[in-house]
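Read-outs: derived from the displayed coordinates by stated rules, not from any lab. No experiment lies behind these values; they were computed from the predicted model shown. Cβ atoms come from the backbone with ideal geometry, glycine included; neighbour counts cover every protein chain shown.
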Amino acid sequence: MKMRPRYSVIASAVSLGFVLSKSVMALGQPDTGSLNRELEQRRIQPEAKPSGELFNQAAKSSYTAQYKQELKFPLTQVQILDRNNQEVAADELAHILKNYVGKEVSLSDLSNLANEISEFYRHNNYLVAKAILPPQEIEQGTVKILLLKGNVGEIRLQNHSALSNKFVSRLSNTTVNASEFILKDELEKFALTINDVPGVNAGLQLSAGKKVGEANLLIKINDAKRFSSYVSVDNQGNKYTGRYRLAAGTKVSNLNGWGDELKLDLMSSNQANLKNARIDYSSLIDGYSTRFGVTANYLDYKLGGNFKSLQSQGHSHTLGAYLLHPTIRTPNFRLSTKVSFNHQNLTDKQQAVYAKQKRKINSLTAGIDGSWNLIKDGTTYFSLSTLFGNLANQTSEKQHNAVENFQPQSHFTVYNYRLSHEQILPKSFAFNIGINGQFADKTLESSQKMLLGGLSGVRGHQAGAASVDEGHLIQTEFKHYLPVFSQSVLVSSLFYDYGFGKYYKNSQFLAQGVKNNVNLQSVGAGLSFSDAGSYAINVSVAKPLDNNINNADKHQFWLSMIKTF
């Protein structure tokens, strides 16, 4: 009786040739594709929030004086002068002037008028605009107001970092220096993009220029932490390759002075049944903060547990390149555009039955992602992407042993979306809710499937519990933040996850009675103790609320510890 499962699995592998075998995959056998997807969950980066207001453009420091209220005169005309004392058209001020022209006004009223004009231009992107009442003799009710919009004066750089002066100049030429005036949105974009550069801290300072109406800009740049590294341990591995994983990595910034960044990550499971290495190098390539990067990834695995008798093993290597552009940068809204290309070679073997499968996948992905401070104390995150792929499939099995829908060549398209919101509540509480999902035009290879389980999915199930061609995930979480010691924070949370999807887009090849739909849900609680830039300890426990996965654990206990240097 004990030998039946073994013979059943081996027979399945022989008859179906390990070519995305529906029977084997139903049993949850990992391969290079699914293991790469599990590692992608680990590499999910924290979402970037908009910075919030950078500059207060309101002219709130009133320069009005206390004049005698008895001194009034009829105002018949207002002339707007530029910094060269030349009269300029000011049709956009008509809605302000109509409240004063044709009425008796005092000198205090005129000062209020100048204040309103200053406010109007500052709210219309002229950051340091100022309207002034110059000394004058008022004749026939005509008043002159000097309008200084804030011309760009001298731009000086104090650079004490490894960042190239030439790059900073190119960045300023496409933003601040591209206009005659100090424009709020351009200065904000410059401040945000220069501070996005890894390894530097930047500050801006405005001061009065040499000429009337000019403002000088001082750019101060200093090195931040250019070299960093980490070690981590967790229990988020696959049970067939090793639950416990040890990882280490390093990051170096500004090697060439153009905001470049080199990342190296290494990982191994506790019994070395899973090994992974990844390298990522990117650099800014223009004055618009466009980033070009290349990546390489290698994975090697050997299965244990129920699949040990099959001597299942495999490896994959991936080469990629990408372009990342900060399409919109404002204090309350971020939008980035990314285009990437990946070439994957995946090989899986079952040496006990001499089965071997090789796949080559070329994919092109275009997408956007961003964040928006839509409401007070809340941030909304979003992303959309489309992947166009080409799969070349090879198998060692003879044609009559391959699965019925085996195709040596195929094309596929995958659509992904994500929408989430984080809301800060009173008393150090917060609430998160999010939904993400995937659509596909046909049945996918394992490296393109969506994982419904794991820490980024339904946390009551392992990452490999259910991989689907089309699926959707809803997550809610209630958090409380408690400061501990001088810089540490203890975060406690309660969460609920719900995921559903279809294993295969095209199900006509499934045997009768085999379910193609899956629904998972779980509840849980977590604790996180961390000091930003130093360490983090995360613990959570989740309990499934469904019985849709055979032999599923009664609960999942998640643990991760990371130390950064």
### Query
How far is helix 107-122 tilted, in degrees, relative to the longest principal axis of the Cα atoms in the chain, given as a value from 0 to 90 rounded to the nearest 10?
30 degrees
### Task
Please give, to one decimal in nm, the separation of the simple spin-label points placed at PHE509 and ILE96, each 7 Å out from Cα toward the Cβ.
7.0 nm
### Summary
Around GLU214 (Cβ within 10 Å, Cβ-to-Cβ, excluding GLU214; K/R +1, D/E -1) the net charge comes to +2
### Message
Sequence gap at least 6, Cα distance under 8 Å: using those rules, report the relative contact order of region 461-565 to the nearest whole percent.
### Response
25 percent
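Which order do the peptides 342-353, 429-440 come out in when sorted by mean C-beta neighbours inside 10 angstrom, highest first?
Highest-to-lowest ranking by the protection proxy: 342-353, 429-440.
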#### Entry: R0 of 25 Å, Cβ-Cβ distance LYS358-SER309: FRET efficiency to nearest 0.05
0.65
### Query
Can you tell which of LEU364, ALA224, ASN112 lies farthest toward the positive end of the dipole of the chain, using +1 and -1 charges on the Cβ of basic and acidic side chains (Lys, Arg; Asp, Glu)?
LEU364
### Query
Efficiency by 1/(1 + (r/R0)^6): what FRET value for ALA525 and THR337, r their Cβ-Cβ distance, R0 = 60 Å, to the nearest 0.05?
0.95
#### Entry: D_trans [Stokes-Einstein, Kirkwood Rh over alpha-carbon pairs] for the chain, 4 °C, 1.567 mPa s, µm² s⁻¹
46 µm²/s
### Query
Could you state the number of Å between the C-alpha centres of region 480-494 and region 149-209?
36 Å
### Message
If I model a spin label at ASN222 and SER492 as a point 7 Å from the Cα along the Cα→Cβ vector, what separation in nanometres do I get?
### Response
3.9 nm
### Extension gain from THR250 to PHE478, taking 0.36 nm per residue of separation minus the Cα-Cα distance
78.8 nm
### Query
Can you give the alpha-carbon Rg of region 195-239 over 2.2 N^0.38 Å, where N counts its residues?
2.27
### Task
Can you check what the net charge comes to around LEU384, using other residues whose Cβ is under 13 Å from the Cβ of LEU384 (Lys, Arg +1; Asp, Glu -1)?
+1
### Query
Between LYS427 and HIS123, what length in nm is gained on full extension when 0.36 nm per residue of separation is reduced by their alpha carbon distance?
106.1 nm
### Query
For the chain, what is the calculated [θ] at 222 nm in deg cm²/dmol (nearest 500), taking -39500 (n - 2.57) for each run of four or more DSSP H residues and dividing by its residue count?
-3500 deg cm²/dmol
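Pulled fully out, how much extra length does the chain show between LYS275 and ALA532, if you take 0.36 nm times their separation in residues and subtract their Cα-Cα distance?
Numbers: separation 257, 0.36 × 257 = 92.52 nm, distance 2.80 nm.
Extending this stretch completely gives an extra 89.7 nm.
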### Task
Report the net charge of residues surrounding ASN345, where surrounding means a beta-carbon distance below 11 angstrom and charges are Lys +1, Arg +1, Asp -1, Glu -1.
+3
### Message
Please compute the contact order of the chain in relative form: average sequence separation of alpha-carbon pairs under 8 Å and at least six residues apart, divided by the residue count, as a percent.
### Response
11 percent
### Computed FRET value (nearest 0.05) for GLN41 with ASN516, which takes r as the C-beta separation and R₀ as 25 Å
0.60
### Query
Taking Cα pairs under 8 Å and at least six residues apart, what relative contact order does region 224-374 come out at, in percent?
14 percent
### Dipole magnitude (debye, nearest 20) for region 313-372, charges at Cβ of Lys, Arg, Asp, Glu
160 debye
### Task
Pairs to check: LYS302/LYS479; LYS308/LYS449; LYS427/LYS543; LYS502/LYS563; LYS225/LYS349. Give those whose C-alpha atoms are more than 32 Å from each other in this structure.
LYS302/LYS479; LYS502/LYS563; LYS225/LYS349
### Query
Which percentage, to the nearest 5, of the DSSP beta bridges contained in region 72-148 is antiparallel?
60 percent
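Region 72-148: percent of C-alpha pairs farther apart than 22 Å?
Working: 444 of 2926 pairs.
Tail fraction, whole percent: 15.
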